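J.: Would you mind keeping the following structure in view while I ask a few things?
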Amino acid sequence: MATTTSTSSNGSGAQPQRRVGLVYDERMCKHSTPRGEDHPENPNRIRAIWNKLLSAGIPHRCVVFDAKEVKDTYIAQVHTNNHINLIKTISSKKLAPQRNRVAAKYNSIYFNEGSSESAYLAAGAVLEAAEKVAKGELNSAFAIVRPPGHHAEENEPMGFCLYNNIAIATSFLLNQKELGIKKVLIVDWDVHHGNGTQKMFWKDSQVLFFSVHRHEFGSFYPAGDDGHYIMMGEGPGAGYNINVPWENGQCGDADYIAVWDYILLPVAREFNPDIILISAGFDAALGDPLGGCCITPRGYSIMLKKLMEFSKGKILMALEGGYNLKSLANSVLACVEVLLEDKPIAESIEVYPFESTWSVIKAVREELSAFWPVLAEKLPEKLTSRVMPPVQIYSSQSEDEYDDGPNTLSEDLQEDVTIPLSKLKVSDDAHDADQPAAAAASSPAWRSELSKIDVWYASFGSNMSESRFRCYIEGGQAEGMRRPCKGAADKSEPKEVLWKIVPHRLFFGRESTSTWGPGGVAFLHPASSDQEKTFMCLYRITYAIANISLLLFILEQFNDVLLQENLCTDTNSPFFDLSALDSIENEKNISLEALKDGWYHNVLYLGKEKDIPILTMTCTVADVEDFKSGKTSVCPPAKEYADTLVRGLVLGKQLSQDEAIAYIQEASTKPL
Ligand SMILES: [Zn+2]
């Protein structure tokens, strides 16, 4: 959006320094994985934030305090006694032998001997900071806490969250009548839906809960319908629950600011909150490994600045997600600087929202207009016709106050991107994409910054049928599929299709599949052998989209195919990233920890074609040993599955019908 509004500042020095609280407590680092396993939600997150603030000289300009453990009576306003008992005792010695088993019962949860204390401190820190803001002791505050809270439900820890910190603080504020807080606006800008918070205030008109999150029709974590915009609250709370569900990743500053301008701010003006609590996750930040969105530190500062016009600027921010330490720390710094009212913010963004963003905004406005008449107006066509193509692009020439600071990406990210980019063949197809004239005219320079990195996705199984493979990209349902595929975020068709014979063994294994019934499915032996010949159908698809000048890359079609191949709906884990693509030439195959339960979790490198790497997905060498020993059965394919493979080979003009049948027959009977 090319709107420009100047916002207030204390540039003249006339305004008194605002009192901003910061809670940080090293004891919240005690919660970590039981055996030190890698995990995105780890103690270094809050340390990175604190170190960044220290190096910017922020803490000495703020009111800094340690965390205090929250009292059970306050937790009990939003959580069950069972839940409190679980979190209170889970770190005890007595429960140590069961701890991992208990954690496994829940969705994305780990416990260790420090979990209880950290959870009590996190909730206590948010509550105390909120109280100080409500009382006016502080103008605003940032609680740098972990574990995060917004996924935690009444009776269930979930999604890295043990206690719902923001909900505990909200109910506390409303219950302490002397604080005079009657209306609370919760803004949840974490990339994930705040399912726990939504449920806790579902019927409550004193709490306006607003969440903007990736949803992708219910497939993004926490999957399901809870984050849909039709979920608006119930009874007295009807209309007080607002969800803005993105239909795709890659949303950035322009998309979020459009949602602020056309949904959140008009409603907030009507609601007129006494205080604002922000579920401040930073996993929608540019470079975050889980979020896949593109908010810059400047974007966060604009979003925050716009909220400061309400509730006399009484704002409490509580950390939720955010897993790229650099972007996390830089985004928090940008926000605290806004709370201190350090700098004027020129709200000028030279990019436009996605078309899908406008359609989501329109749908949300329409649905909510029964409760908030201010949303009933139709958005002007002139506004909504300005859209981005489905690739997030940033102007490389915009000058802002963060040019040398928080807006630059991490060095490690630079390495990740620049090294493989220098080696890879980069096509410039993106330049030819249909770009709306308005976007192109306003900012021509960025177009040359955009590049696509291609790979060959090679199939030896049912995806040899092009119509089937296209469903993974374009979405839809081919013959024999039990349910429709979601497709990739980028639905553009493969740029090229060709065939190749590779010296690897094709075989069939496992008892049955849900799609094909009894019978094995195709695997490719990861080790090559001169005796073997397997037909592979190669599709040239997009591996990543890179904006070289901003060192931004977005994993693309290949990863979406990988997820669908492994029937994985939890897209909440990083999988085959750019550094993996860079190293696979040497390592030949890379087993993906994030997809370890999928049968096709091993990405295998099959050389190059036209200087572009050929990758396929199969089992690991260790899995082959299990097939050989009989631990996993070797099994010929079901008739329908075999027919599909034959059809692929025949339609691909590789073999005649009889030859194809013989080829499949041989692969399914020859001993491993
Ligand atoms: Zn999150």
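We did not get these values from a lab; they are worked out from the coordinates using the rules stated. Just so it is clear, the structure is predicted and the values come from calculations on it, not from any experiment. Reconstructed Cβ throughout: ideal geometry from the backbone, glycine too, with neighbour counts over all protein chains shown.
J.: Take the residues of region 602-630 that are in a loop (DSSP other than H, G, I, E, B) and in contact with a strand residue (DSSP E or B) (Cβ under 6 Å, 6 or more places away or on another chain): which is surrounded by the most Cβ atoms within 10 Å (Cβ to Cβ)?
T.: Cys619
J.: Among the residues that make up region 340-352, is at least one of them at negative phi, of a type in the set (Ser, Thr, Tyr), free of Cβ contacts under 8 Å to residues at least 24 places away in the same chain and more than 16 Å from the ligand (Cβ to nearest atom)?
T.: Taking every residue of region 340-352 in turn, none turns out to be at negative phi, of a type in the set (Ser, Thr, Tyr), free of Cβ contacts under 8 Å to residues at least 24 places away in the same chain and more than 16 Å from the ligand (Cβ to nearest atom).
J.: Are any of the residues in region 286-296 small (Gly, Ala, Ser), more than 16 Å from the ligand (Cβ to nearest atom) and buried (at least 24 other Cβ atoms within 10 Å of the Cβ)?
T.: no
J.: Out of curiosity, is Gly322 within 15 Å of the ligand (Cβ to nearest atom) and on the phi > 0 side of the Ramachandran plot?
T.: yes
J.: Still on this structure, please answer the following. Considering each of Glu178, Glu117 in turn, give the residue that is surrounded by fewer than 20 Cβ atoms within 10 Å (Cβ to Cβ), in contact (Cβ under 8 Å) with a residue 40 or more places away in the chain and away from the ligand (no atom under 16 Å from the Cβ).
T.: One residue alone meets the criteria, Glu117.
J.: Take the residues of region 644-672 that are in contact with a Gly (Cβ under 9 Å, 6 or more places away or on another chain) and of a type outside the set (A, V, I, L, M, F, W, C): which is nearest to Phe460 (Cα to Cα)?
T.: Gly648
J.: Kindly evaluate Glu270 against the criterion of being assigned to a loop (DSSP other than H, G, I, E, B), among the acidic types (Asp, Glu), surrounded by fewer than 24 Cβ atoms within 10 Å (Cβ to Cβ) and out of contact with any Lys or Arg (no Cβ under 6 Å at 6 or more places or on another chain).
T.: On the way: assigned to a loop (DSSP other than H, G, I, E, B): no; among the acidic types (Asp, Glu): yes; surrounded by fewer than 24 Cβ atoms within 10 Å (Cβ to Cβ): yes; out of contact with any Lys or Arg (no Cβ under 6 Å at 6 or more places or on another chain): yes.
It is false that Glu270 is assigned to a loop (DSSP other than H, G, I, E, B), among the acidic types (Asp, Glu), surrounded by fewer than 24 Cβ atoms within 10 Å (Cβ to Cβ) and out of contact with any Lys or Arg (no Cβ under 6 Å at 6 or more places or on another chain).
J.: Going by what's in this entry, would Gly149 be described as within 16 Å of the ligand (Cβ to nearest atom), assigned to a loop (DSSP other than H, G, I, E, B), buried (at least 23 other Cβ atoms within 10 Å of the Cβ) and small (Gly, Ala, Ser)?
T.: yes
J.: So is Ala285 touching a Pro at 6+ places or on another chain (Cβ under 6 Å), among the aliphatic types (A, V, I, L, M) and under 26 Å from Met388 (Cα atoms) or not?
T.: No, not satisfied.
J.: Sticking with this structure for a sec: Pull out all pairs, ordered by first then second residue, where Cβ-Cβ is under 6 Å, the residues are six or more apart or on different chains, the first lies in region 191-218 and is at positive phi, and the second is among the acidic types (Asp, Glu) and away from the ligand (no atom under 14 Å from the Cβ).
T.: Listed by first residue and then by second, the contacts come to Gly218/Asp225.
J.: Which one is surrounded by the most Cβ atoms within 10 Å (Cβ to Cβ), of the residues in region 297-342 that are in a loop (DSSP other than H, G, I, E, B) and acidic (Asp, Glu)?
T.: Checking each candidate, the answer is Glu320.
J.: On the basis of being of a type in the set (Gly, Ala, Ser) and under 18 Å from Lys68 (Cβ atoms), does Ser118 make the cut?
T.: On the way: of a type in the set (Gly, Ala, Ser): yes; under 18 Å from Lys68 (Cβ atoms): yes.
Judged against the criteria, Ser118 is a match.
J.: May I ask you to verify whether Ala134 is of a type in the set (A, V, I, L, M) and either within 14 Å of the ligand (Cβ to nearest atom) or touching a Pro at 6+ places or on another chain (Cβ under 7 Å) (or both)? First the steps, then the outcome.
T.: On the way: of a type in the set (A, V, I, L, M): yes; either within 14 Å of the ligand (Cβ to nearest atom) or touching a Pro at 6+ places or on another chain (Cβ under 7 Å) (or both): no.
Spelling it out, it is not the case that Ala134 is of a type in the set (A, V, I, L, M) and either within 14 Å of the ligand (Cβ to nearest atom) or touching a Pro at 6+ places or on another chain (Cβ under 7 Å) (or both).
J.: Something else about it: Pairs please, first residue from region 639-654 and without any contact (Cβ under 8 Å) to a residue 24 or more places away in the chain, second anywhere and in a helix (DSSP H, G or I) and aliphatic (A, V, I, L, M), Cβ atoms under 7 Å, 6+ apart in sequence or on different chains.
T.: Taking only residues 6 or more apart or on different chains, the pairs are Val646/Ala660; Val646/Ile661; Val646/Ile664; Val650/Ala660.
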